[in-house]
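S.K.: Pasting a structure below so you can have a look.
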Amino acid sequence: MGVTDPAGPVMDRDEVDRALARLGAEHEAIETSLLALQDHAGRRLLEGAELTGTTRERWAATEASISLLWAYFDAYSDALRDAREIRSRRRWSSREDLVELTELLRGESVTVAGSATATANAPTLLSAAGRLSERFSLAALVDRMNELYATSLDMVVTADAVWSALPARIDLLAAELQRTRKLAHSVGVRPGEHPAGDDLERITRILTKLREDVVCDPLAFWVPAQGSSAPGGGRPDTTVYDREARALEEVRREIDAVLTVRQDAEARLIRLRDVLSRADRTLSEARTARGEVLAKIAATEVPVVSGPPTALQEQLATAAEYRRQAQWHRLSPLLESLEQKAEDELLRARESLTAVTAPLAVRAELRGRLDAYKAKVARHGLAEDPFLIERYDAARRMLWSAPCDLRVAEQAVLRYQRAAAEALGAPRMPRQDGPEDRRGEQV
């Protein structure tokens, strides 16, 4: 190895054989990779697509890179074939053969001629602007091919990944969208008439535009992986798709609610009529009770009972008309509002009846208390006590007379209770201010 040439020390026969074996393996691996790239589905799709934007720019550069790759590979193959021919001349290569092999295997012995189109589309691939050829060593040529292959494969794999993921998902969502549109139309949810109908129109426009953009410019929908240098490192950008899928799901829930209204509308309308009818009957009962209270109870303020609200009956008629015309999207919110208002109206009617009949309830409670004490006195053998009979009759006349003064009647019942308690030997009941009779009872 004392002999040298511009490529460095002259290689011996073993070094030449090892270098040829390594270069042959590299040649086979490069050829396999290039053929795989040539047959890649993504590359074929890119060749036949009407590209726009970032994808069109990168594909133009990638096509130039792939053309240069094959030019580099052809030059590499020629150089390797020449080296093998020189080595095969003799079993024991001469010094001149070894010098020539050293230059071929280690020196910048490979000249690659580039096309004007390739250099125009990929200006960084050649060392100087305007140069249509460049010299390489075989090692440098392999490095250059690896670099071009990686960038070309990245572009092809990225586009193929987007095309494999997004259009199919968009098509599935579009099919679901069409089913939802038909369902919406059947329940009266239409654009311009219902917000959900407007949402369906908007989602349709966005999905149509999204699919066109994905097909024409797939690289615009790619999110590279941070810190990854592997070809195709990253994921498709599904932000727009995911947003519209969520919007469609919300619309579908609204339409399901409308469908539920269509199925249950008649039963709900019947329940509404029943609730409002009960409220009307309760108010009618309250008005009747008010007249009775005014006639039977004296010195009592009785609240006025209002009539049934006509607005609810009008809204109920509107709801029935919506059902008849199959305007389910309008019926749904109206029914929900009416159901709450009807329950409130029934509660108000019941509260009104309770307020009106309160004096009658007080009178009934006093009557019951008076009779209970009379029964207790009778059990103890005091039913014939003249004083107790007098007190009982006085209280009874007040409670069973009309109009009844509840305040005075209550005092009479209390006087009878105290008299009964004393007669039975129980502790005296508390007195209230007022004149007393001969037995210490208030009059």
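S.K.: Just to be sure, is Thr117 in a helix (DSSP H, G or I), among the hydroxyl-bearing types (Ser, Thr, Tyr), modelled with pLDDT of 90 or more and closer than 27 Å to Gly232 by Cβ?
M.R.: Numbers: in a helix (DSSP H, G or I): yes; among the hydroxyl-bearing types (Ser, Thr, Tyr): yes; modelled with pLDDT of 90 or more: no; closer than 27 Å to Gly232 by Cβ: yes.
Against the criterion (in a helix (DSSP H, G or I), among the hydroxyl-bearing types (Ser, Thr, Tyr), modelled with pLDDT of 90 or more and closer than 27 Å to Gly232 by Cβ), Thr117 does not qualify.
S.K.: Could you say whether any residue in the range 178-185 is without any contact (Cβ under 8 Å) to a residue 60 or more places away in the chain and of a type in the set (Gly, Ala, Ser)?
M.R.: Here is the first cut: in the range 178-185, the ones without any contact (Cβ under 8 Å) to a residue 60 or more places away in the chain are 178-179, 181-182, 185.
Checking the rest, the ones that are also of a type in the set (Gly, Ala, Ser) come to none.
Taking every residue of the range 178-185 in turn, none turns out to be without any contact (Cβ under 8 Å) to a residue 60 or more places away in the chain and of a type in the set (Gly, Ala, Ser).
S.K.: Tally time: how many residues in the range 322-354 are open to solvent by 20 Å² or more (accessible area, probe 1.4 Å), on the phi < 0 side of the Ramachandran plot and under 30 Å from the mean Cα position of the chain (by Cα)?
M.R.: Final tally of qualifying residues: 11.
S.K.: Given (1) under 30 Å from Gln325 (Cβ atoms); (2) in a helix (DSSP H, G or I); (3) hydrophobic (A, V, I, L, M, F, W, C), identify the lone condition not met by Ala245.
M.R.: Looking at each condition in turn, Ala245 falls short on (1).
S.K.: Could you check the range 301-321 and list, in sequence order, the residues that are crowded, with 17+ Cβ neighbours inside 10 Å and out of contact with any Asp or Glu (no Cβ under 7 Å at 6 or more places or on another chain)?
M.R.: Listed by number, the residues that qualify are Val302, Val305, Gln315, Leu316, Ala319.
S.K.: Can you find a residue in the range 51-62 that is open to solvent by less than 20 Å² (accessible area, probe 1.4 Å), in contact with a Ser or Thr (Cβ under 7 Å, 6 or more places away or on another chain) and either free of Cβ contacts under 8 Å to residues at least 24 places away in the same chain or under 30 Å from Ser164 (Cα atoms) (or both)?
M.R.: Scanning the range 51-62 turns up at least one residue that is open to solvent by less than 20 Å² (accessible area, probe 1.4 Å), in contact with a Ser or Thr (Cβ under 7 Å, 6 or more places away or on another chain) and either free of Cβ contacts under 8 Å to residues at least 24 places away in the same chain or under 30 Å from Ser164 (Cα atoms) (or both).
S.K.: Determine if the range 299-319 includes at least one residue that is among the small types (Gly, Ala, Ser), part of a strand (DSSP E or B) and touching a strand residue (DSSP E or B) at 6+ places or on another chain (Cβ under 8 Å).
M.R.: The answer is no, given that none of the residues of the range 299-319 is among the small types (Gly, Ala, Ser), part of a strand (DSSP E or B) and touching a strand residue (DSSP E or B) at 6+ places or on another chain (Cβ under 8 Å).
S.K.: Sort through Ser229, Ser186 and tell me the only one that's among the hydroxyl-bearing types (Ser, Thr, Tyr), farther than 29 Å from Glu147 by Cβ and either open to solvent by 40 Å² or more (accessible area, probe 1.4 Å) or at pLDDT 90 or above (or both). Lay out the reasoning, then the answer.
M.R.: Values: Ser229 fails: farther than 29 Å from Glu147 by Cβ.
Within the list Ser229, Ser186, the selection yields Ser186.
S.K.: Follow-up question, since we're still on this one. Which residues, taken from the range 397-415, are over 15 Å from Glu292 (Cβ atoms) and hydrophobic (A, V, I, L, M, F, W, C)?
M.R.: Residues of the range 397-415 that are over 15 Å from Glu292 (Cβ atoms), as a first pass: 397-399, 405, 407-415.
Listed by number, the residues that qualify are Met398, Leu399, Val408, Ala409, Ala412, Val413, Leu414.
S.K.: Taking Leu45 and the conditions (1) within 30 Å of Asp213 (Cα to Cα); (2) loosely packed, with under 14 Cβ neighbours inside 10 Å, which numbered condition does it fall short on, given that it satisfies the others?
M.R.: Evaluating Leu45 over (1) within 30 Å of Asp213 (Cα to Cα); (2) loosely packed, with under 14 Cβ neighbours inside 10 Å leaves (2) as the failure.
S.K.: Also: Only one of Pro236, Pro191, Pro231, Pro224 is in contact with an Asp or Glu (Cβ under 7 Å, 6 or more places away or on another chain) and within 18 Å of Val157 (Cβ to Cβ); which? Reasoning before the result, please.
M.R.: Working: Pro236 fails: in contact with an Asp or Glu (Cβ under 7 Å, 6 or more places away or on another chain); Pro191 fails: within 18 Å of Val157 (Cβ to Cβ); Pro224 fails: in contact with an Asp or Glu (Cβ under 7 Å, 6 or more places away or on another chain).
Only one candidate qualifies: Pro231.
S.K.: Something else about it: Can you tell me which residue in the range 387-408 is farthest from Gly368 (Cα to Cα), limited to those that are among the small types (Gly, Ala, Ser) and surrounded by 15 or more Cβ atoms within 10 Å (Cβ to Cβ)? Write out each step before concluding.
M.R.: So in the range 387-408, the residues among the small types (Gly, Ala, Ser) come out as 394-395, 401-402.
Add one more test, that the residue is surrounded by 15 or more Cβ atoms within 10 Å (Cβ to Cβ), and what stays is 394-395.
Details: Ala394: 15, Ala395: 12 Å.
Among residues in the range 387-408 that are among the small types (Gly, Ala, Ser) and surrounded by 15 or more Cβ atoms within 10 Å (Cβ to Cβ), the one farthest from Gly368 (Cα to Cα) is Ala394.
Yes/no matrix, rows are residues, columns are (1) in a helix (DSSP H, G or I); (2) touching a residue at least 12 places away in the same chain (Cβ under 8 Å); (3) under 22 Å from Val305 (Cβ atoms); (4) not small (Gly, Ala, Ser):
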residue: Arg323; (1), (2), (3), (4): yes, yes, no, yes
residue: Leu346; (1), (2), (3), (4): yes, yes, yes, yes
residue: Ala349; (1), (2), (3), (4): yes, yes, yes, no
residue: Leu370; (1), (2), (3), (4): yes, yes, no, yes
residue: Tyr373; (1), (2), (3), (4): yes, yes, no, yes
residue: Leu414; (1), (2), (3), (4): yes, yes, no, yes
residue: Arg418; (1), (2), (3), (4): yes, yes, no, yes
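S.K.: Within the range 142-154, identify whether any single residue is more than 30 Å from Thr111 (Cβ to Cβ) and either over 19 Å from the mean Cα position of the chain (by Cα) or open to solvent by less than 50 Å² (accessible area, probe 1.4 Å) (or both), and answer yes or no. Steps first, answer last, please.
M.R.: Going residue by residue through the range 142-154, those that are more than 30 Å from Thr111 (Cβ to Cβ) are none.
For the range 142-154, residues more than 30 Å from Thr111 (Cβ to Cβ) and either over 19 Å from the mean Cα position of the chain (by Cα) or open to solvent by less than 50 Å² (accessible area, probe 1.4 Å) (or both): absent.
S.K.: Suppose we filter the range 189-216 for residues that are at negative phi, open to solvent by 60 Å² or more (accessible area, probe 1.4 Å) and not in a helix (DSSP H, G or I); how many remain?
M.R.: Residues that pass the stated criteria total 3.
The values are calculated or read from the model by the stated rules, or taken from the named source; none is laboratory data. Because the structure is a prediction, the values reported are computed rather than measured. When we count neighbours, we look across all protein chains shown, and the Cβ atoms used for this are built from the backbone with ideal geometry, even at glycine. The area values use the complete protein model at the heavy-atom level, side chains included, leaving out ligands, DNA and RNA. Shrake-Rupley method; radii C 1.70, N 1.55, O 1.52, S 1.80 Å.
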